[in-house]
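The values are calculated or read from the model by the stated rules, or taken from the named source; none is laboratory data. The structure presented is a predicted model; accordingly, all values stated were derived computationally and were not measured. Cβ coordinates were reconstructed from backbone atoms using ideal geometry, including for glycine residues, and neighbour counts include every protein chain displayed. For accessibility, only protein heavy atoms count, side chains too; no ligands or nucleic acids. Shrake-Rupley method; radii C 1.70, N 1.55, O 1.52, S 1.80 Å.
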Amino acid sequence: MNSMNDDGTDFRRRPVSFVRRSARLSTGQQRAWDNYSGRFLIDIPRGRADTSVDPGYVLDPAVVFGREAPLVVEVGSGAGEAVIHAAARHPDVNFLAIEVYTPGLAQTLMQIGRQELTNVRLIQANAPEMLTTALPAASVRELWVFFPDPWHKNRHHKRRLVSPHFASLAARVLEPAGLWRLATDWAGYARVMRNAVDASDEFTNLHPGPGTGAVPAGGWAPRFEGRVMTSFEKKALDAGRTVHDLTYRRKPD
Ligand SMILES: C[S@@+](CC[C@H](N)C(=O)[O-])C[C@H]1O[C@@H](n2cnc3c(N)ncnc32)[C@H](O)[C@@H]1O
């Protein structure tokens, strides 16, 4: 893979972890978008695509939330069930949801409005670009990646979000001792995630597995009690799949 495009930029030299899906909104979603996107969806400068991020842009959390508070970032927040549930229980924490899917963002806005939450902001963007340049280094107390798309086919594995490269981006934005929480219902991807982050010298697995050697047998965390049971997770459990959680602590520099 070349490191640069012909125009001297490195715009999206890595495949993105999402596909374009219909942006059609239901009447209720459209109403939520109209009523709440101005206040809660952060309008960021773009690069070459509408989910891209201008690499010169740096977000100031104190400005976008209007206060200083610990920051939790959820990547791929879907319909926002996890972030909304947590934000309602932790009004003293700022929650930033990064998602590309317009109906999911609209659904999240609807819940922000219904529950009158003031501590959630949304960004419609490709998350790795946000983590590469837009989020300040060491600004995030917790990073959440719950049920990222598994991209089953071998030829699609390169599209998976969690990788050694993504681990280096997570390490950049997390505060020293900040936590990275992950969950997936696909056993193969769970092992890939664990091996990628275990191999990084920037993270400590808080639940190291038994055994020795390059690939320990365990490493799974207990289910994160702050993660609400989403319809997505319920469907996976109903289909007989096991959910694996992982929790890592960012090592101090
Ligand atoms: C399988 S869904 C899980 C949604 C949610 N976390 C849940 O547990 O219900 C994965 C979500 O990640 C989003 N996504 C995938 N790649 C992304 C990226 N690079 N940046 C932002 N969002 C992304 C997708 O649009 C989708 O909504």
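Per-structure values
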| read-out | value |
| --- | --- |
| Residue selected from segment 144-167 under the condition part of a helix (DSSP H, G or I) and within 14 Å of the chain's Cα centre (by Cα), by the criterion farthest from the ligand (Cβ to nearest atom) | Ala167 |
| Answer residue from segment 224-239, given it is closer than 25 Å to Phe95 by Cα and among the hydrophobic types (A, V, I, L, M, F, W, C) and is most open to solvent (accessible area, probe 1.4 Å) among those | Phe232 |
| Selection status of Glu74, within 16 Å of the ligand (Cβ to nearest atom), open to solvent by 40 Å² or more (accessible area, probe 1.4 Å) and touching a residue at least 60 places away in the same chain (Cβ under 8 Å) | no |
| Residue check, Ala183 of a type in the set (A, V, I, L, M), more than 10 Å from the ligand (Cβ to nearest atom) and either out of contact with any Leu (no Cβ under 8 Å at 6 or more places or on another chain) or more than 25 Å from Ile42 (Cα to Cα) (or both) | no |
| Test: residue in segment 45-58 that is more than 17 Å from the chain's Cα centre (by Cα), assigned to a loop (DSSP other than H, G, I, E, B) and either among the aliphatic types (A, V, I, L, M) or within 11 Å of the ligand (Cβ to nearest atom) (or both) | yes |
| Single residue of segment 124-143 satisfying the filter (in contact with a helix residue (DSSP H, G or I) (Cβ under 7 Å, 6 or more places away or on another chain) and not small (Gly, Ala, Ser)) that is nearest to the ligand (Cβ to nearest atom) | Pro128 |
| Only listed residue being open to solvent by 40 Å² or more (accessible area, probe 1.4 Å) and among the β-branched types (Val, Ile, Thr), chosen from Thr27, Thr51 | Thr27 |
| Only listed residue being in contact with a Leu (Cβ under 7 Å, 6 or more places away or on another chain), closer than 26 Å to Glu129 by Cβ and open to solvent by 30 Å² or more (accessible area, probe 1.4 Å), chosen from Arg194, Arg159, Arg249 | Arg249 |
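Residues are listed down the side, and each one gets a yes or a no for (1) assigned to a loop (DSSP other than H, G, I, E, B); (2) over 21 Å from Leu135 (Cα atoms):
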{"position": "Val63", "(1), (2)": "no, no"}
{"position": "Arg67", "(1), (2)": "yes, no"}
{"position": "Glu74", "(1), (2)": "no, no"}
{"position": "Ala79", "(1), (2)": "yes, yes"}
{"position": "Val83", "(1), (2)": "no, no"}
{"position": "Ala87", "(1), (2)": "no, no"}
{"position": "Asp92", "(1), (2)": "yes, no"}
{"position": "Leu96", "(1), (2)": "no, no"}
{"position": "Leu105", "(1), (2)": "no, no"}
